[in-house]
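Asks: Quick one: structure below, then a few questions.
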């Protein structure tokens, strides 16, 4: 949970800063955790070359002073970029930039089948044990779905750049598993379903909700208990109305966004 | 329920009445199943001790949930969870223009701030606007008395005049924009981000500080890409739902 302490910097208590220095720092707001905003800013510095590859970045002290945040907050953000492999600390040489980020930090939540099929690039996944008792998938909110005779259930933790961002449970029509001859759908279940000749995804629906992380989700996603998470429920039907796919995903809320063209 | 499962709440830093904040929290317990349907909830006295408030404050918070039909109190038996909030209680974030026109239409609209904007707004989507005159309005949308959405908008001044000037401040903005056939809207883009409520927004939405919110940016453009309206709205996390079709080519 982001502490109110991080909010301090907007106060007018500190008056020692010069205008020039303030202009150099981006405006931090209260809407997302400060360290996330720092990550976004630091990545921009690397992307634009202001922090050049093979060069050292400013020290923690300096960054903390520049943004009026605690050193621990800077360390948190820098630690993230280290795990991402963008920077590395070298003893006696400070922190070096290794490479530029390959994609946007924000993960887009698509609203089309094609978007889903192509969204899963450059992710790593690991399978989790199924802890919950087996149940049938939940039917969609609208429309009538016919349940398949049986389902294969997959529970996975997905990561991008070593950062866990999604815990998901997926129900796949077992006939697709049988047809493709493997119960391992690989990195993208959507691409896996695309490979099927018998299934033709034709109708779908999704619901997004904001929830707070329970103990297990918080542990898996490496976020504080009760942090905001985005819960996404998806349903995909075959031509004949059979529910061939259902999923329940819990995303870190600070790394997803949804773009929609309204008109 | 044990002490350890309670989120860190900062009641003191919130201008919303404590009983409203508590009813929000209790509603969340019901949604999450922490207070299960048909189960008894802790007594007023134990809740009062747990949250360090007066039992009368707990009673007021529980009364709100009773009015919403979520709990029922029985003499000598205690208070029981009757149902989870129904889909009709959700606030939909629009994902297409038809929805945008209707999503907030049924809510009470309260104009909190309205004045000529000093600057041309920086649009979230696309190129920046030419130097026209814009009007800033902050609206609070509420279902009955439950605040749901805080919306900051910059609307082109001549367009606001066309929509009824000051009268338009008390009505749902996108509903007004979409319902006037005289207004040519060529393009509308939306980005939904997720964050937490700061002091100001948490007070307006009557939720504890750092509660989850959706931050919805909308950029509405007219002929030759001219910026007509820029919106930034905060939706209460516990009330919002985004429900939409998955499109197939």
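We did not get these values from a lab; they are worked out from the coordinates using the rules stated. Keep in mind that what you see is a predicted model, and the values were worked out from it rather than measured. Positions of Cβ are backbone-derived with ideal geometry, glycine not excepted, and every protein chain shown enters the neighbour counts.
Asks: Which shape class applies to the protein assembly as shown: rounded if a/c is under 1.5, otherwise prolate when a/b exceeds b/c and oblate if not, where a ≥ b ≥ c are the square roots of the Cα gyration tensor eigenvalues?
Replies: It is rounded, given that a/c, with a ≥ b ≥ c, falls under 1.5.
Asks: Hull surface divided by four, with the convex hull built on the Cα atoms of segment A:107-257: how many nm²?
Replies: Working: hull surface 33.9 nm².
Over all viewing directions, segment A:107-257 projects a mean Cα-hull area of 8.5 nm².
Asks: Another question, then. Choose one answer from B:91, B:20, B:183: the residue with the largest mean-square fluctuation in a GNM of chain B with alpha-carbon springs under 10 Å.
Replies: B:183
Asks: Take the Cα atoms of segment A:24-101, find their three principal axes, and give me the spread along each one in whole Å, biggest first.
Replies: Reported extents, whole Å, longest axis first: 32, 23, 23.
Asks: Counting alpha carbon pairs within less than 8 Å and at least 6 residues apart, what relative contact order, in whole percent, applies to segment B:10-87? Provide the component values of the computation, followed by the final result.
Replies: On the way: 79 pairs, mean separation 26.3, N = 78.
Contact order relative to length: 34 percent.
Asks: Restricting to bridges with both residues inside segment B:90-241, how much of the DSSP beta-bridge set is antiparallel, in percent to the nearest 5? Don't jump to the answer; show the numbers that get you there.
Replies: Numbers: 44 of 46 bridges.
Restricted to segment B:90-241, the bridges split so that about 95 percent are antiparallel.
Asks: Continuing with this model, one more query. According to a simple spin-label model (label point 7 Å from Cα along Cα-to-Cβ), what is the distance in nm between residue A:231 and residue B:130?
Replies: Result: 4.9 nm between the two label points.
Asks: At a Förster radius of 56 Å, what calculated FRET efficiency corresponds to the Cβ-Cβ distance of residue A:47 and residue B:59, to the nearest 0.05?
Replies: 0.55
Asks: Quick one: grab the alpha carbon gyration tensor of segment B:207-249, order the square roots of its eigenvalues as a ≥ b ≥ c, and give me rounded if a/c is under 1.5, else prolate or oblate depending on whether a/b is larger than b/c.
Replies: Judged from the Cα gyration tensor, segment B:207-249 comes out oblate (a/c at least 1.5, b/c at or above a/b).
Asks: Which angle between 0 and 90 degrees, to the nearest 10, do you get for helix B:55-67 versus the longest principal axis of chain B when only C-alpha atoms count?
Replies: Approximately 60 degrees, to the nearest ten.
Asks: A follow-up question, please. Hey, what did segment B:128-247 get for relative contact order, percent, Cα under 8 Å, at least 6 apart?
Replies: For segment B:128-247, the relative contact order is 27 percent.
Asks: In addition: For chain B, what does the relative contact order come out to in percent, with C-alpha contacts under 8 Å and a separation of six or more?
Replies: 20
Asks: List the residues of segment A:176-190 whose backbone N lies under 19 Å from a point placed 7 Å from the Cα of residue A:102 along the Cα-to-Cβ direction.
Replies: It comes to A:186-189, nothing else.
Asks: Less than 12 Å from a label point 7 Å out along the Cα-to-Cβ axis of residue A:195: which backbone N atoms in segment A:147-186 qualify, by residue?
Replies: Hits in segment A:147-186 for residue A:195 at 12 Å: A:177-186.
Asks: Another question, then. Rg and Dmax of segment B:10-87 over Cα atoms: what are they, in angstrom?
Replies: In Å, with Rg to one decimal and Dmax whole: 12.0, 36.
Asks: If the elastic network links every pair of Cα atoms under 10 Å, which of B:207, B:37, B:93 fluctuates the most in the Gaussian network model of chain B?
Replies: B:37
Asks: In nm, give the distance between the simple-model label positions of residue A:29 and residue B:118, each being 7 Å from the Cα along the Cα-to-Cβ direction.
Replies: 1.8
Asks: On a C-alpha basis, how far is the centre of segment B:161-232 from the centre of segment A:212-261 in Å? Whole number, if you could?
Replies: 26
Asks: Still on this structure, please answer the following. Which FRET efficiency, nearest 0.05, do residue B:102 and residue B:157 yield, Cβ-Cβ r, R0 35 Å?
Replies: 0.85
Asks: Of the residues B:119, B:108, B:210, which exhibits the maximal mean-square fluctuation in a Gaussian network model of chain B defined by a 10 Å Cα contact cut-off?
Replies: B:119
Asks: Hey, what number do you get for chain B at 222 nm if only DSSP H runs of n ≥ 4 count, each worth -39500 (n - 2.57), divided across all residues, to the nearest 500?
Replies: Computed ellipticity for chain B at 222 nm equals -7000 deg cm²/dmol.
Asks: Would you kindly state how much longer the chain becomes between residue A:155 and residue A:261 on full extension, computed as 0.36 nm times their sequence separation minus their alpha carbon distance, in nm to one decimal?
Replies: Length difference between fully extended and current span is 35.0 nm.
Asks: Between residue A:55 and residue A:138, what is 0.36 nm times their sequence separation minus the Cα-Cα distance? Round to one decimal in nm. Let's see the in-between values first.
Replies: Values: separation 83, 0.36 × 83 = 29.88 nm, distance 5.22 nm.
Answer, rounded to one decimal: 24.7 nm.
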